[in-house]
There are 2 protein chains.
Amino acid sequence: MDFFERTGKTAIGSRLRLLTERITADAARIYSMYDLTMKPKWFPVVFALKEGETKAVTAIAREIGQTHPSVSVILKELRSHGLLVEQEHPTDRRCNAVALSDEGLRLARTLETVCRDVETAIDTVAARTRHDLWRALEEWECLLDEQPLLDRVKEARRQRERQLVEIVPYRPEHQPAFRRLNVEWITAHWQLEASDLRQLDHPREEILDRGGAILVALYRGAPVGVCALLRSHDPHYDFELAKFAVSPLAQGRGIGLLLGEAAVAEAAKRGARRLFLESNTLLKPALHIYRKLGFRELDTYRPAYARGDIQMELELQTETRNE
Amino acid sequence: MDFFERTGKTAIGSRLRLLTERITADAARIYSMYDLTMKPKWFPVVFALKEGETKAVTAIAREIGQTHPSVSVILKELRSHGLLVEQEHPTDRRCNAVALSDEGLRLARTLETVCRDVETAIDTVAARTRHDLWRALEEWECLLDEQPLLDRVKEARRQRERQLVEIVPYRPEHQPAFRRLNVEWITAHWQLEASDLRQLDHPREEILDRGGAILVALYRGAPVGVCALLRSHDPHYDFELAKFAVSPLAQGRGIGLLLGEAAVAEAAKRGARRLFLESNTLLKPALHIYRKLGFRELDTYRPAYARGDIQMELELQTETRNE
DNA sequence: TATAATTACGTAATTGATTACGCAAATATA
DNA sequence: TATATTTGCGTAATCAATTACGTAATTATA
């Protein structure tokens, strides 16, 4: 198909569907050529029972990789053709233990002949092929088991978007965004405290002039995330990580992590040895980021914010750079 | 899937279906991850229209390799989402010329971003793969275009069955089969003639003792085809090919051709230069075999049988063997 | 031992494709 | 020019899978 040259590999699903359709249609014709009263969709089930085994419905489903209702329907069809015998499971009365009838086994035996011929035919195709479809399918199944396509796309998107994200030091024009982004998450669960308002309204005076820092994440030039390093009151810590906010619209793209990393790097640049932060266990994504950055939960909790219920610290690697 | 290790490649259809299902399911999740209100099945249609082209329904169907009703339904869905504009075709009023609306084009543009990420993700899979699925699909499509699977299986079956067929010289115990098989086809369209009965009842006296020959095709040991070489009255010909019959149950498996080839070979062995036969144009499969054997139709027709309406001859290659 | 959770499996509804069919318009043909 | 054939396309029916759901039996748990 010329079309798929243009779509690129994104259309792999459509392309697979087309080929599947085609092969299934031929399978039906092949069966009728052998005077087999059998539908292509029966194949996996008949194959699973062809040695005369007795199996439960869900067991067959698991084996052939389909859902149990689909197997259930196929079995109903086999039954109506007199190809099936059913017994009660010896111990478990929920089970519907099915096996092929003599008639069904006869069908299976004919099917084996058909299979041999189909196998031969497929080999004639495969012999003229430079790329092994069978092995390729195997590899794809295996790789998708390892990590589904969805996750891989998520990762690709993150990679791409990361390049559109820029972490810059705070400038006065970022104040409205600094305020808005923080107000957003705080008021979603709690009330703004007096200290919040002071810092959000006057970041220069309240944070920067006191030896702190603010970092801003720009996405395509627009501020979508902020993060502050406050000079710590506690002499045990150098900075407190606070006012950490990422716009909900931009969440889930790794921007928070980038921002956090930048903050830790900034602290390190300023010679910090230990960072502190206070947060709330309701804020799952934030905690996830903190842990990824290396923060460890403190055992003892001494509250500072009304909304806090967890405190964490990070011991910075004393990177004795030799360069 | 371990199951497909056991089925062998015959289950290629089932295996493809499984992978298709899986990828399509992920595609749906991917779209929703990008907040795209779009179903995977829309993809080919949207792609075909993404540059703002106006196209007819069947034209799209042809392009994407699906049926027009399927496209028609997809277009209905796009329409209900306000993604489509329809114009009347300038000259042909049957045509429903459709294009994406501004909204639709916006969707297509977002889709392009998604495609880029999906492409990247697929490349990460492909990079870890030793067999190229994309190319393999391409090759399969191409080879199946050339000759469908059905034909290839038919050929494989013929090859296999040929090995179960044995062509042997006539022996007295074959007389009932020789009679039965010929009576079968003759009486299906015509009446038995006196000469028929003489030959069928007394093949030794009427055919063999007069310098002719009879060959029998055995399928798993049972006679399913017969063919006679009659000494010719006409001095121009050495033998007449006649009493050629293959059981309807065994037809379409190349047995007739094998029998014919054996008869021609037998004639050649006996030093024949020219063969003759008389048949009827109603007997399509037989004529097909005769032509394959190299028989040419005679222009002039001089009837010998009441059921004849065509006469053919074969000039044998004078194989001057040097061995 | 009573209750909750899990498991087996069938039926119904849904989905995305197909084939079948019918109508209207365009084109070919006598 | 009248009639037959072909073409475009929508709707309905069908098919093979899925998910959703309900019931009964079994197993785990309090």
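So in the stretch B:96-112, with the set limited to residues that are touching a helix residue (DSSP H, G or I) at 6+ places or on another chain (Cβ under 8 Å) and more than 10 Å from B:V46 (Cα to Cα), which one is farthest from DNA strand D (Cβ to nearest atom)?
Looking at residues that are touching a helix residue (DSSP H, G or I) at 6+ places or on another chain (Cβ under 8 Å) and more than 10 Å from B:V46 (Cα to Cα), I get B:V98.
Whenever a residue of the stretch A:177-200 is farther than 18 Å from A:I214 by Cβ, its partners that are of a type in the set (D, E, K, R), lying with C-beta atoms within less than 9 angstrom and at least six residues away or across chains, give the pairs A:H189/A:R307; A:W190/A:R307; A:Q191/A:R307; A:E193/A:R307.
Over 24 Å from A:P203 (Cα atoms), modelled with pLDDT of 90 or more and loosely packed, with under 15 Cβ neighbours inside 10 Å, is that true of A:R291? Yes: the conditions hold for A:R291. Any residue at all in the stretch B:63-73 that's over 17 Å from A:A11 (Cα atoms) and either touching a Gly at 6+ places or on another chain (Cβ under 6 Å) or more than 12 Å from DNA strand D (Cβ to nearest atom) (or both)? The answer is no, given that none of the residues of the stretch B:63-73 is over 17 Å from A:A11 (Cα atoms) and either touching a Gly at 6+ places or on another chain (Cβ under 6 Å) or more than 12 Å from DNA strand D (Cβ to nearest atom) (or both).
Scanning the stretch A:69-108 for residues that are more than 40 Å from the chain's Cα centre (by Cα) and in contact (Cβ under 8 Å) with a residue 24 or more places away in the chain yields a total of 8. Only one of the listed residues (A:K41, A:K50) is more than 13 Å from DNA strand C (Cβ to nearest atom), surrounded by 15 or more Cβ atoms within 10 Å (Cβ to Cβ) and in the same structural domain as A:L111 (by TED's automatic domain parsing). That residue is A:K50.
All of B:Q175, B:Q191 fail the test of being buried (at least 16 other Cβ atoms within 10 Å of the Cβ) and away from every other protein chain (no Cβ under 14 Å), apart from B:Q175.
Applying the criterion of being assigned to a helix (DSSP H, G or I) and near DNA strand D (Cβ under 9 Å from one of its atoms) to the residues of the stretch A:74-95, the residue that is farthest from A:L49 (Cα to Cα) is A:E77. More than 14 Å from chain B (Cβ to nearest Cβ) and not charged (D, E, K, R): is that true of A:A126 in this structure? Judged against the criteria, A:A126 is not a match. Quick check: is even one residue across the stretch B:58-73 at the interface with chain A (Cβ under 8 Å from one of its Cβ atoms), under 29 Å from A:L249 (Cα atoms), in a helix (DSSP H, G or I) and in contact with a Lys or Arg (Cβ under 9 Å, 6 or more places away or on another chain)? Checked the stretch B:58-73: no residue is at the interface with chain A (Cβ under 8 Å from one of its Cβ atoms), under 29 Å from A:L249 (Cα atoms), in a helix (DSSP H, G or I) and in contact with a Lys or Arg (Cβ under 9 Å, 6 or more places away or on another chain). Among residues of the stretch B:209-234 that are closer than 18 Å to B:E173 by Cα, those with a beta-carbon under 6 Å from a residue that is crowded, with 23+ Cβ neighbours inside 10 Å and of a type in the set (F, W, Y) at least six positions away or on a different chain give the pairs B:V226/B:F178; B:C227/B:F244.
Considering each of B:R135, B:R157 in turn, give the residue that is surrounded by fewer than 18 Cβ atoms within 10 Å (Cβ to Cβ), facing chain A (nearest Cβ under 8 Å) and either out of contact with any Asp or Glu (no Cβ under 8 Å at 6 or more places or on another chain) or touching a residue at least 12 places away in the same chain (Cβ under 8 Å) (or both).
B:R135
Within the stretch A:5-36, the only residue that satisfies the criterion of being closer than 30 Å to B:A250 by Cβ, facing another protein chain (nearest Cβ under 7 Å) and among the small types (G, A, S) is A:A27. Each residue in the stretch A:19-39 was checked for being part of a helix (DSSP H, G or I) and within 14 Å of A:L107 (Cβ to Cβ), and 2 pass.
When you scan the stretch B:9-17, do you find a residue that is away from DNA strand C (no atom under 16 Å from the Cβ) and closer than 30 Å to B:E86 by Cα, even just one? No, that holds for no residue. Looking at B:E119, B:E141, B:E112, just one residue is facing chain A (nearest Cβ under 7 Å), under 30 Å from B:L36 (Cα atoms) and part of a helix (DSSP H, G or I), and that residue is B:E119.
Just one residue in the set A:L149, A:L144 is within 16 Å of DNA strand D (Cβ to nearest atom) and crowded, with 19+ Cβ neighbours inside 10 Å; that residue is A:L149.
Being surrounded by 15 or more Cβ atoms within 10 Å (Cβ to Cβ), small (G, A, S) and within 16 Å of DNA strand D (Cβ to nearest atom) is a property that holds for A:A56. Looking across B:A222, B:A268, one residue alone is surrounded by fewer than 16 Cβ atoms within 10 Å (Cβ to Cβ), at pLDDT 90 or above and out of contact with any helix residue (DSSP H, G or I) (no Cβ under 6 Å at 6 or more places or on another chain). It is B:A222.
Residue by residue through the stretch B:84-112, note down the ones that are of a type outside the set (A, V, I, L, M, F, W, C), more than 16 Å from DNA strand C (Cβ to nearest atom) and more than 20 Å from B:A61 (Cβ to Cβ).
To start, the set of residues in the stretch B:84-112 that are of a type outside the set (A, V, I, L, M, F, W, C) comprises B:86-94, B:96, B:101-104, B:106, B:109-110, B:112.
Next, only the ones that are more than 16 Å from DNA strand C (Cβ to nearest atom) stay: B:101-104, B:106, B:109-110, B:112.
Matches in the stretch B:84-112: B:S101, B:D102, B:E103, B:R106, B:R109, B:T110, B:E112.
The values are calculated or read from the model by the stated rules, or taken from the named source; none is laboratory data. Note that the structure is a prediction, hence the values are computed from the model and not measured. Heads up, the Cβs are rebuilt from the backbone with ideal geometry, glycines too, and the neighbour counts pull from every protein chain shown.
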